[in-house]
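> This is the structure, below, for whatever I ask next.
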Amino acid sequence: MSADQAQSHGLLDQLDTGVVRLDASGRILLMNSAAEHCLLVSRDRACGRYIGEVADIPRELREAISRLPEGSQGVLLHELSFGNRPYDCTIQRSGDHDLLLEFHNLEWERLRLRLQQRELQTGMLELLSRNLGHEVRNPLGGIRGAAQMLADELEPGEQATLARLIMRESDRIDELIQRFGQPELDRREIHLYPLLDEALDLLDAEFGETVTLERDYDPSMPDIRADASAIRQVFLNLLRNACQAGASVIRIRTRIEHGHALLQSGQGAVIRVDFSDNGQGVPESLRSLLFLPLVTGRRDGTGLGLALSQQIASAHGGLLAFHPLEHGSRFTLLLPFAHETRQADQERSS
């Protein structure tokens, strides 16, 4: 490879867009690192071979490569799936016979939109927290104080029990309102699987054998610095929502993802936890509002669980995302972690 070619390859590797060059017969002449990530194959293995041999490419792309008319300016294929990740693909001619394929990762763009929505949701939570604190907590304190006086004066019996019930429920509402502020996290080295097990035990006690649980866990999952109680609450909220949506099967899948758009400097990878269910799903009219406070599709719902779960994810530098399925829903919790966390975990196990 000449110096100019090496420089050209280096520039291509800096692109987020996947680039693949094919000869007239469909053999790969060149590809950059983003294309390796898209096609899930290394360039050393792919170059010189037919693209359909080394990568599981969608039928639409295969047909477009073989049937692109001579003199065509190119075609754009929307939302092709590569390893469960969506890409737009542009195909155009390069020179007389070669084809140039460009893969644009839609997941990154969608994630940016979700992060923007998260910031909006966080702002609304803070506004709601201030309003609740002023409009609700002050009179709530008066109600609790009156109930305390009644409980102290009444003889033990039904009325005293009701007064203490008012006190207990007032305290519960007050605690819920306080949780709307940015949570104070008790960050420690934790492992996610014991927290998942605890949430599943609580789910089993509440819903019994009405739900089948399927686990697809990554055995290499590292410890992360997080608030165990808060993360367990997110797990429990998502599991309960699935059951309350009528799910008979819930599938929990964990993976570690590198090169994720959510990552910032100093973070090594993202832990991804998917909760997929076959319940009734989320009405389309609510999907864009799903993580806003007081938004719910159930008559008995409060509209607080998902909003609080998103707030907890955000406080950990992560994100909670929703994706509709043909039958049901998938909620994804993304939690970034630093390189040093995983290195320390590996050192302890060695």
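The values are calculated or read from the model by the stated rules, or taken from the named source; none is laboratory data. Only a predicted model underlies this, so the values are computations on that prediction, with no experimental measurement involved. Here Cβ is always computed from backbone atoms with ideal geometry, including for glycine, and neighbour counts include all displayed protein chains.
> Which pairs do you get when a residue that is touching a residue at least 12 places away in the same chain (Cβ under 8 Å), found in segment 19-36, comes within reach of a residue that is aromatic (Phe, Trp, Tyr) and surrounded by fewer than 21 Cβ atoms within 10 Å (Cβ to Cβ), reach meaning Cβ atoms under 8 angstrom, with the pair 6+ apart or on two chains?
SER25/TYR50; GLY26/TYR50; ARG27/TYR50; ILE28/TYR50
> Only one of these conditions is not met by LEU294: (1) under 20 Å from LEU239 (Cβ atoms); (2) at pLDDT 55 or above. Which number is it?
The number of the failed condition is (1).
> Please find, within segment 34-65, the residue that is nearest to GLU102 (Cα to Cα) out of those that are in a helix (DSSP H, G or I), at pLDDT 85 or above and of a type in the set (Gly, Ala, Ser).
Of everything passing the filter in segment 34-65, ALA35 is nearest to GLU102 (Cα to Cα).
> Can SER81 be described as exposed (fewer than 13 other Cβ atoms within 10 Å of the Cβ) and either hydrophobic (A, V, I, L, M, F, W, C) or at pLDDT 80 or above (or both)?
The answer is no for SER81.
> Please note which helices (runs of 4 or more DSSP H) are completely contained in segment 131-209 and include at least 3 residues that are within 25 Å of ASN241 (Cβ to Cβ) and either modelled with pLDDT of 75 or more or among the β-branched types (Val, Ile, Thr) (or both).
158-178, 192-207
> Further, regarding this structure: Can you tell me which residues in segment 184-224 are of a type in the set (D, E, K, R), over 18 Å from the mean Cα position of the chain (by Cα) and within 22 Å of PHE337 (Cβ to Cβ)?
GLU184, ASP186, ARG187, ARG188, GLU189, ASP197, GLU198, ASP223, listed by residue number.
> From the list SER329, SER288, which residue is of a type in the set (Gly, Ala, Ser) and modelled with pLDDT of 85 or more?
Checking each option against the conditions leaves just SER329.
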